[in-house]
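**Student:** What follows is a single structure, and I will ask about it in a moment.
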Amino acid sequence: MERAVKKAIFFIAVCGATLLCACRGAGYTVFAPVPSFSGDILFSAKISGGRAQYAYDGMREIIDGIDEQVSLTDSDSDLSRFNNAVANERVEVGKYAYELFVLSLRYYELTGGAFNCAVSPLAELWHTDATSLGMYAPDIDGSHISPPLPTAQETAETAAYCRPDTVSAWEENGRYYLEKSDGRVKLDFGGIAKGYAVDKCVEVLERYSVASALIDISGNAYFYGRYIGGDGDWRVGIMSPRPRAAQTLSRGYVCAVSLDGDVSAVTSGDYMRYYIHDNDDGSAVYVPHILGADGVPIGVVSSGDGWKNDDEWVISATVTGESSAACDALSTAVCALGMEEGGALLQKLGYKGLIFTEKRYTIIGDIRLHDPDVYDGHKDYEYHEL
């Protein structure tokens, strides 16, 4: 345990990440977490070398610029104007919004629809949008409000038009435009915007000759350069999706890994945002915020005229790779696809990952577990070889 602390352990999760580190003593300038993206998300940085303050200010400016264009809480943002537009209405947007759509469409196609930036109507139908989850998420004492669930027919009818490939995007004379063929289409870049912002922040680090840095936007972490101190590896602890009752480490971590520099790590899971629906027969349905390609929340399957939970689904997926936007999109897609298909997708695209279901876990790529006998939550799961 003492050795782990000296080498700086960083902890990440799907959102509201807890990052514990010894960067200040290791020669890093630490910039405390500040609200970003309309105040719902925290941005923090730890920077060594180069012009740290200039780099930090530059990153803040970029994050604010992205938020101005794609915020859904601002009715005047580019994305809000697009969502409120009618069919075949050309909407001029900023470069960030344009690039986010192009990236989102790319990962929609690469994942066979498992990552979908056009699911807002489905999220509203299933009460997994931010507003609904604020109302229906269980209280700390376990009490909850049970919202009604849509029918399979309502879900299929809504999913039919939740398609980003019905949106056209183009650049003309240095300006950027989006246009939808169906007025019901609404975009939401919440599943990739943080990762995209991290990638843009990395460009700022390069511009100001930073040597080493940790960038974190509410769980989208980027480890820039080698860690200053020890053997140069970054130690990343991943929050347990199902904490054990006798957890020995604060809050509980399913495992820890060692990462080289210039890599992002993003975790998505079912355990941060969800609600519980009570069926008439006394059974309950756990409803996470992540939607599958069929428009139904992960882990939820039809049962007669209603719904129930499946026997097994992905409860946590951590993806590592060079692009934080890709890690952001792919971690969501893996949850939507399941362990087998999601793992195969990561292998195909050359990204690494750790995938957990209620019963099993698997490792994609040459990820190195750090102190597996200390960060041993993974031992509660059966290892599955893909």
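The values are calculated or read from the model by the stated rules, or taken from the named source; none is laboratory data. As the structure is a prediction and not an experimental result, all values here were calculated from the model. A quick note on method: Cβ atoms are made from the backbone with ideal geometry, for glycine too, and the neighbour counts reach across all protein chains shown. Accessible surface is based on the protein model in full, side chains and every heavy atom, while ligands, DNA and RNA are left aside. Shrake-Rupley method; radii C 1.70, N 1.55, O 1.52, S 1.80 Å.
**Student:** Select from 181, 161, 198 the residue farthest towards the positive end of the dipole of segment 143-204; place +1 on Cβ of Lys and Arg, -1 on Cβ of Asp and Glu, and compute about the Cα centre.
**Tutor:** The residue sitting farthest along the positive end of the dipole is 198.
**Student:** What is the magnitude of the charge dipole of segment 81-167 about its Cα centre, with +1 placed on the Cβ of each Lys and Arg, -1 on the Cβ of each Asp and Glu, and no other charges, expressed in debye to the nearest 20?
**Tutor:** Computed charge dipole of segment 81-167: roughly 340 debye.
**Student:** Still on this model: Would you kindly derive the ³J(HN,Hα) couplings of segment 80-95 from the backbone phi angles with the Karplus curve 6.51 cos²θ - 1.76 cosθ + 1.60 (θ = phi - 60°), listing them in order in whole Hz, with x for Gly and Pro?
**Tutor:** 5, 5, 5, 4, 8, 6, 8, 4, 6, 8, 6, 10, 7, 10, x, 4
**Student:** So which aspartates and glutamates can residue 359 reach, going by Cα to Cα under 19 Å and dropping same-chain residues fewer than 8 places off?
**Tutor:** 270, 310, 311, 312, 340, 341, 376, 380, 382, 385
**Student:** Let me ask another. What percent do you get for the relative contact order of the chain when only Cα pairs under 8 Å and 6+ apart count? Kindly include the intermediate steps, with their values, before the conclusion.
**Tutor:** On the way: 847 pairs, mean separation 70.5, N = 386.
Across the chain, relative contact order equals 18 percent.
**Student:** With contacts defined as alpha carbon pairs under 8 Å and 6 or more residues apart, what's the relative contact order of segment 30-170 in percent?
**Tutor:** 15 percent
**Student:** Also: Expressed as a whole percentage, what fraction of the accessible surface of segment 129-284 belongs to carbon and sulfur atoms when a 1.4 Å probe is rolled over the protein heavy atoms?
**Tutor:** Details: 3170 of 6720 Å².
Carbon with sulfur: 47 percent of the solvent-accessible area.
**Student:** Which order, highest average first, do 99-109, 72-82 follow once you tally other Cβ atoms within 10 Å for each residue and take the mean per peptide?
**Tutor:** Numbers: 99-109: 19.9, 72-82: 17.2.
Sorting 99-109, 72-82 by mean packing, highest first, produces 99-109, 72-82.
**Student:** Taking every Cα atom in segment 73-163, find the radius of gyration and the maximum pairwise distance Dmax, and write them in Å.
**Tutor:** 16.0, 49
**Student:** Using packing as a proxy for protection, rank 115-121, 131-137, 253-259, 363-369 so that the peptide with the highest average count of other Cβ atoms within 10 Å comes first.
**Tutor:** Working: 115-121: 25.0, 131-137: 13.9, 253-259: 23.0, 363-369: 15.7.
Output ranking for 115-121, 131-137, 253-259, 363-369: 115-121, 253-259, 363-369, 131-137.
**Student:** Ignoring everything except DSSP H segments at least 4 long, calculate the 222 nm mean residue ellipticity for the chain; use -39,500 (n - 2.57) per segment, divide by total residues, nearest 500.
**Tutor:** Values: 10 runs with 107 residues, N = 386.
So the helix-based figure for the chain works out to -8500 deg cm²/dmol.
**Student:** Would any residue of segment 148-190 have its amide N under 14 Å from a label point 7 Å out along Cα→Cβ of residue 130? List them or say none.
**Tutor:** 187-190
**Student:** Mind jotting down the distance between the C-alpha centroids of segment 269-337 and segment 117-180, whole Å?
**Tutor:** 14 Å
**Student:** Hey, any idea what % of segment 285-327's accessible area is carbon plus sulfur with a 1.4 Å probe?
**Tutor:** On the way: 550 of 1430 Å².
C and S atoms contribute 39 percent here.
**Student:** Distance in nm between label sites at residue 87 and residue 369, each 7 Å beyond Cα in the beta-carbon direction?
**Tutor:** The two pseudo-label positions are separated by 5.4 nm.
**Student:** Can you give me the accessible area per residue for the chain, using a 1.4 Å probe, in Å²? Working shown, then result.
**Tutor:** Working: 16530 Å² over 386 residues.
On a per-residue basis, 43 Å².
**Student:** Can I ask one more? Given +1 on the Cβ of Lys and Arg, -1 on the Cβ of Asp and Glu, and no further charges, what dipole in debye does the chain carry about its Cα centre, rounded to the nearest 20?
**Tutor:** Values: 32 positive and 55 negative charges, 276 e Å.
My answer is approximately 1320 debye.
**Student:** Do the alpha carbons of any pairs in 200/352; 194/308; 46/379; 194/352; 180/352; 46/348 sit beyond 23 Å of each other, and which pairs? Working shown, then result.
**Tutor:** On the way: 200/352 21 Å; 194/308 32 Å; 46/379 32 Å; 194/352 19 Å; 180/352 35 Å; 46/348 33 Å.
194/308; 46/379; 180/352; 46/348, as the Cα separations exceed 23 Å there.
**Student:** Relative contact order (percent) for segment 184-278, with alpha-carbon contacts under 8 angstrom and 6 or more residues of separation?
**Tutor:** Working: 115 pairs, mean separation 22.4, N = 95.
Normalised by residue count, the contact order of segment 184-278 is 24 percent.
**Student:** Using +1 on the beta carbon of Lys and Arg, -1 on that of Asp and Glu, and nothing else charged, what's the dipole of segment 270-367 about the Cα centre, debye to 20?
**Tutor:** 400 debye
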